Amino acid sequence: MTQTPDRPSTDLGLNVQGEAAQQTPVADKAQLFDYRQAANPIRSGLTEPIPYRCWGADLHSSGPSGILPLDLSSELGTSGPATSPGLAAHFIRIEAGEGVRAAASATSSLFFVLSGEGVCRVRETDQDTTIHWGEGDLFVLPCGGTPLLEATSTSVLYWVHDAPLLHYLGVLPSEPRFDATHYRAAWLRSELLKLAEQPGSASSNRISLLLANRDLPSTRTVTHVLWAMYGIVPPGATQAPHRHQSVALDLIIDCQPGVYTLVGSELNTDGSIRNPKRIDWEAGGAFITPPGHWHSHVNESGEPAYLLPIQDAGLQTHLRSLDIRFA
């Protein structure tokens, strides 16, 4: 590291001394680094790499009503809760007849209903939003009032928002960029099955629906920050590896034993992943795919498997930095 310039000498004239005294607190913060040593600060002890991590369904299978953060803030060196540098994921368990307030200083909140049914109410100064949800539904909310989730039957929801991004930027959400939007389970499942039955789908790299919002035509994403993919991995499928620069927070909606993801940072010459880490799927569980890592989903179970990756790819698309690549 190159040191900051020496402070001005104290034997300067009175006017210069006064000026130097005013400038010194600002100069104390200045640093210079050799580009060769600082161009990539992502390393242990500085800017921590995003780790692999899995969470099982046992986290939310029992217990009282409450929010269960998938918090990696200590590993990432960020203010928590955070599951990636820009996003925070949680499970929310709500006992029948009870309610939970999902409060976050975020521009975008996404909820997927793993089980149960109930109603989401958001009370704002100019309008109220009410969404009746059931198992398999997905809905997104912009900034505004604090959602109240009330369960008519014991429920588990997966909740992702972008508050860690706003905290890093030192900003607060000021105005909604999209309207609250509800994607019903029956519609999602029927459209996905139609896609899977189309000629050529069996040989496709992914059989998936990207959820979009009419308010966001340029990114074709579920919010201006969040990206969501509702996908199926057919029995016997081994998907070719792909990678992207956004972090994937993967929710496993449903699967049988024998479904897994292979992840690694490099490819072999034949396009397979070199020295892959195997992440076994569990229905109702979640895991992280770090940015830039090649990943391939494999289904050896004999039954279809369903997944929902959530990414900050809406933001990455706007920045033109998503960089999706296929092996």
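The values are calculated or read from the model by the stated rules, or taken from the named source; none is laboratory data. Quick caveat: nothing in here was measured; it's all calculated off a predicted structure. Cβ placement follows ideal geometry from the backbone for every residue including glycine, while neighbour counts extend to all protein chains displayed. Calculation scope for accessible area: heavy atoms of the full protein, side chains included, ligands and nucleic acids excluded. Shrake-Rupley method; radii C 1.70, N 1.55, O 1.52, S 1.80 Å.
Has the range 129-141 got at least one residue that is of a type in the set (A, V, I, L, M) and not in a strand (DSSP E or B)?
No, because not a single residue in the range 129-141 is of a type in the set (A, V, I, L, M) and not in a strand (DSSP E or B).
Restricting to the range 146-172, count the residues that are assigned to a loop (DSSP other than H, G, I, E, B) and either surrounded by fewer than 16 Cβ atoms within 10 Å (Cβ to Cβ) or within 18 Å of the chain's Cα centre (by Cα) (or both).
Within the range 146-172, residues that are assigned to a loop (DSSP other than H, G, I, E, B) and either surrounded by fewer than 16 Cβ atoms within 10 Å (Cβ to Cβ) or within 18 Å of the chain's Cα centre (by Cα) (or both) number 5.
When both residues are 6+ apart or on different chains and their Cβ atoms are under 7 Å apart, which pairs have a first residue that lies in the range 62-80 and is under 21 Å from Ser44 (Cα atoms), and a second that is of a type in the set (Gly, Ala, Ser) and open to solvent by 60 Å² or more (accessible area, probe 1.4 Å)?
Partner pairs satisfying both residue conditions: Ser73/Ser79.
Going by the conditions given, is Pro81 touching a Ser or Thr at 6+ places or on another chain (Cβ under 8 Å) and either closer than 21 Å to Gln245 by Cβ or at pLDDT 95 or above (or both)?
no
Within the range 178-222, how many residues are outside any helix (DSSP H, G or I) and either small (Gly, Ala, Ser) or out of contact with any helix residue (DSSP H, G or I) (no Cβ under 6 Å at 6 or more places or on another chain) (or both)?
The total comes to 25.
Tell me yes or no: at least one residue of the range 316-325 is open to solvent by 50 Å² or more (accessible area, probe 1.4 Å), in contact with a strand residue (DSSP E or B) (Cβ under 6 Å, 6 or more places away or on another chain) and either of a type outside the set (D, E, K, R) or in contact (Cβ under 8 Å) with a residue 40 or more places away in the chain (or both).
Taking every residue of the range 316-325 in turn, at least one turns out to be open to solvent by 50 Å² or more (accessible area, probe 1.4 Å), in contact with a strand residue (DSSP E or B) (Cβ under 6 Å, 6 or more places away or on another chain) and either of a type outside the set (D, E, K, R) or in contact (Cβ under 8 Å) with a residue 40 or more places away in the chain (or both).
When the range 304-315 is examined, which residues are found to be crowded, with 22+ Cβ neighbours inside 10 Å and part of a loop (DSSP other than H, G, I, E, B)?
Once the filter is applied, which keeps residues that are crowded, with 22+ Cβ neighbours inside 10 Å and part of a loop (DSSP other than H, G, I, E, B), the range 304-315 yields only Asp312.
When you go through (1) at pLDDT 95 or above; (2) out of contact with any strand residue (DSSP E or B) (no Cβ under 6 Å at 6 or more places or on another chain); (3) farther than 19 Å from Tyr230 by Cβ one by one for Leu148, which number turns out not to apply?
(2)
For the range 251-303, what are the residues that are open to solvent by 60 Å² or more (accessible area, probe 1.4 Å), touching a Leu at 6+ places or on another chain (Cβ under 8 Å) and in a strand (DSSP E or B)?
Lys277, Arg278
Pairs under 6 Å by beta carbon, first residue farther than 17 Å from Ile310 by Cα in the range 273-296, partner acidic (Asp, Glu), six or more apart or different chains?
Arg274/Glu266
If you take the residues in the range 134-145 that are within 19 Å of the chain's Cα centre (by Cα) and free of Cβ contacts under 8 Å to residues at least 60 places away in the same chain, which one is nearest to Thr223 (Cα to Cα)?
Applying the filter and picking the extreme gives Leu141.
Of (1) under 20 Å from Glu300 (Cβ atoms); (2) hydroxyl-bearing (Ser, Thr, Tyr); (3) surrounded by 21 or more Cβ atoms within 10 Å (Cβ to Cβ), Ser203 satisfies all except one. Which?
(3)
Can you give me the number of residues within the range 122-145 that are more than 21 Å from Leu226 (Cβ to Cβ) and either crowded, with 16+ Cβ neighbours inside 10 Å or of a type in the set (Gly, Ala, Ser) (or both)?
Counting residues in the range 122-145 that are more than 21 Å from Leu226 (Cβ to Cβ) and either crowded, with 16+ Cβ neighbours inside 10 Å or of a type in the set (Gly, Ala, Ser) (or both) gives 1.
Going through the range 58-103 one residue at a time, which ones are assigned to a loop (DSSP other than H, G, I, E, B), open to solvent by 40 Å² or more (accessible area, probe 1.4 Å), of a type in the set (Ser, Thr, Tyr) and within 20 Å of Leu249 (Cβ to Cβ)?
Answer for the range 58-103, where residues must be assigned to a loop (DSSP other than H, G, I, E, B), open to solvent by 40 Å² or more (accessible area, probe 1.4 Å), of a type in the set (Ser, Thr, Tyr) and within 20 Å of Leu249 (Cβ to Cβ): Ser61, Thr78, Ser79.
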